[in-house]
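The values are calculated or read from the model by the stated rules, or taken from the named source; none is laboratory data. Please read all numbers here as calculations on a predicted model, not as lab measurements. Counting neighbours? That spans all protein chains shown, and the Cβs are built from the backbone with ideal geometry, glycine included. Ligands, DNA and RNA are excluded from the accessible area calculation, which covers all protein heavy atoms including side chains. Shrake-Rupley method; radii C 1.70, N 1.55, O 1.52, S 1.80 Å.
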Amino acid sequence: MNNRRRVEGVVTSDKMEKTVVVKTTRAFQHPLYGKVVESNRKLIAHSELDAKIGDKVRLVESRPLSKTKRWVVEEILKGLAHEEAAK
């Protein structure tokens, strides 16, 4: 296993060729007030696995592939097309 960061998120757009937009969410406690706050981030990722909108995917950090693309879809964790192929 390598030291690359891995994050999980949901695909929100697949209109580009071999590229998807993934929304990641993280929850953390506010340092002063203690309230649990959610933070969202959109990541642009390379997808050879043909991920579709609504799929839950795991991304792995990579070298810069383009101006904005720094992540690669490592695995499709949950999705309609993925579940049908597993049957």
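Only a single item in (1) modelled with pLDDT under 95; (2) more than 20 Å from N2 (Cβ to Cβ) is not met by L49, and it is number (2). Are any of the residues in the stretch 23-40 touching a Lys or Arg at 6+ places or on another chain (Cβ under 9 Å) and surrounded by 15 or more Cβ atoms within 10 Å (Cβ to Cβ)? The answer is yes, given that some residue of the stretch 23-40 is touching a Lys or Arg at 6+ places or on another chain (Cβ under 9 Å) and surrounded by 15 or more Cβ atoms within 10 Å (Cβ to Cβ). One residue stands out in the stretch 41-63 among those that are part of a strand (DSSP E or B) and among the aliphatic types (A, V, I, L, M): the one that is most open to solvent (accessible area, probe 1.4 Å), namely I44.
Restricting K69, K15 to those that are open to solvent by 90 Å² or more (accessible area, probe 1.4 Å) and without any contact (Cβ under 8 Å) to a residue 60 or more places away in the chain reduces the list to K15.
The set of residues in the stretch 1-12 that are in contact with a strand residue (DSSP E or B) (Cβ under 7 Å, 6 or more places away or on another chain) and open to solvent by 60 Å² or more (accessible area, probe 1.4 Å) comprises R4, R5, R6, E8, V10, T12.
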